[in-house]
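Notes for the one structure printed next.
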Amino acid sequence: MEIKGVLKINDTLEPKIWRGNALNSSIRKRLITIAEDFFNDLGFEEAEIEDITFTGSLANYNWTKYSDIDLHLIMDFSKIDENFDLVREFFSAKTSNWNKLHNITVFGYEVEIYVQDKSEEHHSTGVFSIKNDNWLTKPTRIEPDVDEKTVRDKISSYVDMIDRAEDHLEEKNYKEAYDYSVKLAKKIKKFRQSGLEEAGEYSHENLTFKYLRNNGLIKSLFDVRNNSYDKMMSIEGDFDKKFKIFVGSPSFDEQKGFNRLNELEKFQRKLKNRHSRMKKRITAQGLQFAGSPFTKKPSYKRGKSAPPG
């Protein structure tokens with residue numbers, strides 16, 4: 001079964017990573033080294049790694065070329081501090097920074113580090129203990145019952161919301177773009193987590209998230225957040241003069257009712273703004289290089305014969 005860009009159930013585990021149901025021994029050693037190097041750099045004396053686990057789609061049959069190697073360090077947070085949330089936030093910051101600074105790949109799959117308390121429940125159907133070299137939760141190849149229409153409807157809804165965030169940025173509504181993108185990122189995170197907790201990795205919430213991530217839409221949302229913040233905080237030219245003009249400008253109340261001409265103008269403007277983004281997603285998403293017979297990437301501009309808007 002396959003939902004394009006979302007879910008594919010393979011006949012085997014990833015053969016470059018696994019030898020049947022056993023983890024490639026050279027990969028296992030390398031992952032242990034990565035985990036221990038990360039932990040040792042933190043300088044802890046009061047805590048230790050209780051286990052190192054490999055989970056996610058690459059420890060299951062639903063792996064794709066977009067999958068990551070999810071490397072989890074299992075620890076007892078109570079040995080560090082009695083405030084569980086404080087310790088979790090500390091490790092979240094440390095792993096986030098490590099994942100941003102490093103680009104370690106194994107056969108093209110990026111290694112992502114997480115730190116997890118030993119009491120936390122994991123929602124994956126495939127969990128392998130790298131430290132002990134055995135399965136904690138052995139995956140089973142099953143054909144999940146997925147409501148494709150629900151998944152596609154959710155994808156369409158979130159794509160539209162991300163497009164609206166990008167519209168705000170392109171229209172130089174930087175505060176709106178920043179506030180909207182921050183709120184939407186939190187909404188997507190909560191949406192995915194609720195799906196994992198209630199129905200697991202094949203929930204329509206998690207499949208929607210995977211589509212958005214695999215197709216670069218999550219990155220686009222974060223780019224809106226970061227770029228709009230930078231624009232808001234930047235000072236260019238005669239700031240005082242511009243500020244006075246801004247605060248002295250009259251405010252416009254949103255018109256009530258439906259005015260076809262006004263709505264048509266806004267609609268055409270949004271179509272124009274979204275054209276290059278959509279063309280990039282469809283024809284040029286990814287880091288692949290142009291090659292023969294196509295020696296350069298396509299233009300993202302609208303053709304001269306394109307209809308208005």
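The values are calculated or read from the model by the stated rules, or taken from the named source; none is laboratory data. Note that the structure is predicted; figures quoted are calculated from it, not measured. Heads up, the Cβs are rebuilt from the backbone with ideal geometry, glycines too, and the neighbour counts pull from every protein chain shown. Ligands, DNA and RNA are excluded from the accessible area calculation, which covers all protein heavy atoms including side chains. Shrake-Rupley method; radii C 1.70, N 1.55, O 1.52, S 1.80 Å.
When only Cα pairs below 8 angstrom with a gap of at least 6 residues are kept, the stretch 1-149 shows a relative contact order of 27 percent. Note on Lys79/Glu170: beta-carbon distance plugged into 1/(1 + (r/R0)^6) with R0 of 51 Å gives a FRET efficiency of 0.55.
Surface composition of the stretch 128-173: carbon plus sulfur atoms contribute 44% of the solvent-accessible area (1.4 Å probe, protein chains only, all chains present). Per residue, the stretch 134-225 exposes 56 Å² of solvent-accessible protein surface, assessed with a 1.4 angstrom probe and all protein chains in place.
Here the simple spin-label model places points 7 Å from the Cα toward Cβ, and for Glu197 and Asn134 these points are separated by 3.2 nm.
Basic side chains Lys and Arg get +1 at the Cβ, acidic Asp and Glu get -1 at the Cβ, and with that the dipole of the stretch 1-111 about its Cα centre reaches some 860 debye.
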